[in-house]
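What follows is a single structure, written as structure tokens, with notes after it.
The values are calculated or read from the model by the stated rules, or taken from the named source; none is laboratory data. Just so it is clear, the structure is predicted and the values come from calculations on it, not from any experiment. So basically every Cβ, Gly included, is an ideal-geometry build from the backbone, and we count neighbours across all protein chains shown.
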Amino acid sequence: MPPTISSSLCTVAALSGRRASQQGGNKQRAVAQPLAAGVVTEAAPPLVSAPRRRGGADELVAWKSIRQERWEGALEVEGNLPLWLDGTYLRNGPGLWDLGDYGFRHLFDGYATLVRVSFRDGHAVGAHRQIESEAYKAAREHGKLCYREFSEVPKPGSFTSFIGQLASLFSGSSLTDNSNTGVVRLGDGRVLCLTETVKGSIVVDPDTLDTVNKFEYEDKLGGLIHSAHPIVTDTKFWTLIPDLIRPGYVVARMDAGSNERQFVGRVDCRGGPAPGWVHSFPITENYVVVPEMPLRYCAANLLRAEPTPLYKFQWYPDSGSYMHVMCKASGNIVASVEVPPFVTFHFINAYEEKDEEGRVTAIIADCCEHNANTSILDNLRLHNLRSFTGEDVLTDARVGRFRIPLDGSPFGELEAALDPEEHGRGMDMCSINPAHLGKEYRYTYACGARRPCNFPNTLTKIDLVEKTAKSWYEEGAVPSEPYFVPRPGAVEEDDGVAISMVSAKDGSGYALVLDAKTFKEIARANFPYGLPYGLHCCWVPRDK
Ligand SMILES: CC(=O)/C=C/C=C(C)/C=C/C1=C(C)CCCC1(C)C
Ligand SMILES: CC(/C=C/C=O)=C\C=C\C=O
Ligand SMILES: [Fe+2]
């Protein structure tokens, strides 16, 4: 555990008291549970975000902390929800960026916030809760940052020596468990919230949104950090564990119903000095693709108290960029190629390219690629998100398509899969029809851009065969990942809906349901209050 000091040094209750919960609407239920004491470090100077300008885009509800310890209510539906839509849509994300009077600086720092919409018989019921991570409980109890978040580090105090800080960093005890990134439904039905720290794997109840328990990995694989996005199927969970000491990655697999990851294989990095950041990775039917991008973890930046321009990472353009392919069955590396430099958070999908005899000739892997430009991380600073002036500042992005030959060639290709102008040169937060995971596919649903903008502001259906895109847009709205839900019994790849949560310009929030074929709105379910931006989603069908 991080060093503990006298609670008299702490500014208690900033989170729990001063900031009024923004509640409203029907069937309100209250509010925070009393919690066990958390761990603290010595009182620190304020975590000051840049001063906020008033009026205009800096007031967008998307970037405001909306604290709901426990809210549930029927949602007013406009349009007609499909009667087959029967289950729960869950979205995770960092929806709470303020500690009392102080604000986090980066989108990824906020405390994990779950929003759910349950659909049944054309009706919708919403709910909203904070995840009770140790990091959030400690912050709420002590009114200040107690664990290392994406960009913020608790300030060391007189009782916390630099050596103590180092020890707590390397043991992992000071790392956050704020599971604010993804939410997945495991094959055994458990619903798991995740971030990039292994300890930030938290099981939640999709109905009550209760924090159930910490997901304990019952194996000896260790590792303090992992890919925030495992690949989850009905039977398996695939994950990547970067090795910062001996630069490389461990590929591991866990069976549904188990908490024990099994070692599949290891990839040694070809560039250095550290592994490339792996927020996500793709798989095919027979292979795991391990990306090694030149935006690499950086030990020196990990140790810095103040955020650096690239946070815990560093850009090493001369270190090279590589794509490795591991056989799922043997753990052997079957290809390792050098590719042009790239920057991505999210892989979309991958599949095996075959020749006429059915032999696999190459792996195709698609990602949301930010033109090898690390300034996307800077775009996501809250100050930048809150201060849109009309200038077009969002870093360009494209569907980056890798072709990784399996014939021993040393190089792979990376090209745009379609003209990025089709989606406004903005592209991230993608989903696909899960039936096409690891297989050839035609459509991806993502957030695109209508320029000028400072953040992706459209919902876009991309047709990778026709190389075209269709978009939904509402002025000033900030939509989150359009999550594809197939119609039961569907045969066509785009037979279903895409669900997104929208933080609207007027401060309201709603779940938007688009027909995935036409990409036209079929219904929206209005929350009685505004929603903060959120990241990733999952679908829990009823009675599964
Ligand atoms: C929200 C999101 O997409 C990413 C969150 C990433 C986090 C919380 C990363 C945390 C980390 C640390 C706390 C220290 C070690 C490095 C790193 C994994 C970046
Ligand atoms: C929201 C985002 C990128 C948007 C830029 O186009 C990335 C989120 C990453 C974490 O899940
Ligand atoms: Fe992500």
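Only residues that are among the charged types (D, E, K, R) and out of contact with any Leu (no Cβ under 7 Å at 6 or more places or on another chain): list them for the range 436-454, please. Lay out the reasoning, then the answer.
Taking the range 436-454 first, the residues among the charged types (D, E, K, R) are 439-440, 442, 450-451.
The answer is K439, E440, R450, R451.
Kindly indicate which of G122, G87, G73 is in contact with a Pro (Cβ under 9 Å, 6 or more places away or on another chain) and farther than 17 Å from L514 by Cα.
Values: G122 fails: farther than 17 Å from L514 by Cα; G87 fails: farther than 17 Å from L514 by Cα.
Only one candidate qualifies: G73.
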Given the conditions (1) within 16 Å of ligand 2 (Cβ to nearest atom); (2) out of contact with any His (no Cβ under 6 Å at 6 or more places or on another chain); (3) within 19 Å of F411 (Cα to Cα), every one holds for V343 apart from (2)
Return yes when V183 is of a type in the set (A, V, I, L, M, F, W, C), in contact (Cβ under 8 Å) with a residue 24 or more places away in the chain and in a loop (DSSP other than H, G, I, E, B) and no when it is not. no
Would it be correct to say that K199 is under 25 Å from E134 (Cβ atoms) and surrounded by fewer than 16 Cβ atoms within 10 Å (Cβ to Cβ)? no
What is the residue count in the range 235-278 for residues that are of a type in the set (A, V, I, L, M, F, W, C) and in a strand (DSSP E or B)? 11
Sole miss for S171 among (1) within 15 Å of ligand 1 (Cβ to nearest atom); (2) touching a residue at least 60 places away in the same chain (Cβ under 8 Å); (3) small (G, A, S) is condition (2)
Being within 28 Å of V204 (Cα to Cα), more than 16 Å from ligand 3 (Cβ to nearest atom) and either in contact with a Ser or Thr (Cβ under 6 Å, 6 or more places away or on another chain) or among the β-branched types (V, I, T) (or both) narrows it down to one residue among I499, I522; which is it? I499
Among the candidates P456, P488, single out the residue that is more than 16 Å from ligand 2 (Cβ to nearest atom) and either buried (at least 17 other Cβ atoms within 10 Å of the Cβ) or part of a loop (DSSP other than H, G, I, E, B) (or both). P488
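Residues to consider are R54, R116, R67; find the one that is modelled with pLDDT of 95 or more, away from ligand 3 (no atom under 16 Å from the Cβ) and either within 30 Å of C453 (Cα to Cα) or among the aliphatic types (A, V, I, L, M) (or both).
On the way: R54 fails: modelled with pLDDT of 95 or more; R67 fails: modelled with pLDDT of 95 or more.
On inspection, the qualifying residue turns out to be R116.
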Please go through the range 307-340 and pick out each residue that is hydroxyl-bearing (S, T, Y), in a loop (DSSP other than H, G, I, E, B) and out of contact with any Gly (no Cβ under 8 Å at 6 or more places or on another chain). T308, Y311
